[in-house]
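The values are calculated or read from the model by the stated rules, or taken from the named source; none is laboratory data. Computed from a predicted model, the values in this text were never measured in an experiment. Here Cβ is always computed from backbone atoms with ideal geometry, including for glycine, and neighbour counts include all displayed protein chains. With ligands, DNA and RNA removed, areas are computed over all heavy atoms of the protein, side chains included. Shrake-Rupley method; radii C 1.70, N 1.55, O 1.52, S 1.80 Å.
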Amino acid sequence: MRRDSLKADSIARKNGQLPGAILPGHRIVAFYGNIRSKGMGILGREPKEQMFRKFEGVLKEWQAADPSIPVQAALHNVTITAQGTPGKDGKWRLMNSKATIEEVISWAREHKCILFLDVQPGHSTLQVEVPKLEQYLKQPDIHLGIDPEFSLSTMPGVRPNQRIGTLDAKDVNWTINYLARLVSENKLPPKVLTVHRFTRKMLTNYKNIKLDPRVQVVMHMDGHGEPTLKKDSYHDYIQTEPVQYTGFKLFYEYDARPKPHHIMTPKEVLTELTPKPLYIQYQ
């Protein structure tokens with residue numbers, strides 16, 4: 001492992017990234033949700049073929065807005081989901097069935113998308129939950145998202161959605177190291193790790209995050225609302241507390257209400273946000 005890490009570091013210093021890295025040479029555009037739920041996002045809300053027709057149009061919009069960077073299509077499936085009931089072990093989370101995960105993998109590959117498996121740990125921890133996905137993360141086209149909003153292990157007695165959860169840099173570092181090991185052991189291209197964020201307390205001690213060229217970290221502005229609020233949140237929690245790459249979420253159901261609020265267009269996102277996000281997610 002140490003030899004692999006040193007080799008990775010030396011390659012990254014020379015070339016800026018490892019072979020097969022998606023970022024910064026592409027802009028990832030993702031549809032988010034859960035294919036078994038109509039309430040979690042566009043992925044799952046609409047019938048499959050209707051959703052993919054919409055997705056094709058969105059991908060073309062982004063490519064037209066910035067022809068200089070190729071668009072990489074992605075699906076982002078919430079695979080371990082915070083729950084409204086504690087479950088038998090009291091951890092307030094539930095993992096998709098093997099059949100559901102395999103189905104969303106097939107959807108992604110059928111449409112030439114990479115896939116993100118997202119983890120909302122509830123009252124469990126990333127250290128317990130992420131390894132449950134190892135057989136999938138060993139595959140080169142499958143990446144990971146982690147969601148501090150639904151990380152409540154430090155808040156006993158708090159139900160998901162009752163308060164906004166939190167992760168620390170040490171949790172992100174553990175995840176980076178875990179993915180880096182999988183990359184080295186399985187001779188994979190670098191993994192992309194998205195970390196959702198829309199408040200300061202969702203991620204503590206961001207300056208202590210230690211980057212590794214085998215894992216590309218996206219800090220993802222995950223808040224909804226009218227454009228000014230979203231731009232301010234991006235500035236306060238993403239731009240001014242930089243980690244590596246940046247992401248931005250657009251909500252079909254929430255950003256446009258009430259009128260005259262609207263969903264920001266690709267052109268608006270690219271001209272009004274600094275730095276220009278390389279990961280775009282629609283919910």
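Restricting 94, 144, 115 to those that are more than 21 Å from residue 216 (Cα to Cα) and not in a helix (DSSP H, G or I) reduces the list to 94.
Residues are listed down the side, and each one gets a yes or a no for (1) part of a loop (DSSP other than H, G, I, E, B); (2) farther than 20 Å from residue 118 by Cα:
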{"residue": "194", "(1), (2)": "no, no"}
{"residue": "199", "(1), (2)": "yes, no"}
{"residue": "210", "(1), (2)": "yes, yes"}
{"residue": "216", "(1), (2)": "no, no"}
{"residue": "224", "(1), (2)": "yes, no"}
{"residue": "231", "(1), (2)": "no, yes"}
{"residue": "234", "(1), (2)": "no, yes"}
{"residue": "241", "(1), (2)": "yes, yes"}
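Cβ separations smaller than 9 Å between residues 6+ apart or across chains give the following pairs from region 87-103 residues that are farther than 19 Å from residue 115 by Cα to residues that are among the charged types (D, E, K, R) and surrounded by fewer than 19 Cβ atoms within 10 Å (Cβ to Cβ): 92/159.
For the residues 235, 224, the requirement of being closer than 23 Å to residue 54 by Cβ, within 19 Å of the chain's Cα centre (by Cα) and open to solvent by 20 Å² or more (accessible area, probe 1.4 Å) singles out 224.
Being assigned to a helix (DSSP H, G or I) and either open to solvent by less than 40 Å² (accessible area, probe 1.4 Å) or within 14 Å of residue 118 (Cα to Cα) (or both) is the filter here, so list the residues in region 32-64 that pass it. Let's see the steps before the verdict.
Let us first name the residues in region 32-64 that are assigned to a helix (DSSP H, G or I), namely 42-45, 48-64.
Listed by number, the residues that qualify are 42, 43, 44, 51, 52, 55, 57, 58, 59, 62.
Note on region 161-196: residues that are touching a residue at least 40 places away in the same chain (Cβ under 8 Å), closer than 28 Å to residue 282 by Cβ and among the basic types (Lys, Arg) amount to 1. Where residues in region 149-160 are touching a residue at least 40 places away in the same chain (Cβ under 8 Å) and part of a loop (DSSP other than H, G, I, E, B), which of them is most open to solvent (accessible area, probe 1.4 Å)? So the residue we want is 159. Quick one: which residue in 44, 84, 90, 122 is at pLDDT below 95 and touching a Lys or Arg at 6+ places or on another chain (Cβ under 9 Å)? Of 44, 84, 90, 122, the one residue that is at pLDDT below 95 and touching a Lys or Arg at 6+ places or on another chain (Cβ under 9 Å) is 84. Within region 243-252, if we keep just the residues that are in a loop (DSSP other than H, G, I, E, B) and under 25 Å from residue 39 (Cα atoms), the residue that is least open to solvent (accessible area, probe 1.4 Å) turns out to be 251.
Residues in region 254-283 that are among the hydrophobic types (A, V, I, L, M, F, W, C), under 13 Å from residue 224 (Cα atoms) and at pLDDT 90 or above: 263, 264. List the residue pairs whose Cβ atoms are under 6 Å apart, where the first residue sits in region 104-130 and is within 14 Å of residue 171 (Cβ to Cβ), the second is of a type in the set (Val, Ile, Thr) and open to solvent by 10 Å² or more (accessible area, probe 1.4 Å), and the two are 6 or more positions apart or on different chains. Within 6 Å, the pairs are 120/81.
Working only within region 153-183, note down all residues that are over 20 Å from residue 117 (Cα atoms), of a type in the set (S, T, N, Q) and either at pLDDT 95 or above or touching a Phe, Trp or Tyr at 6+ places or on another chain (Cβ under 9 Å) (or both). The answer is 161, and nothing else.
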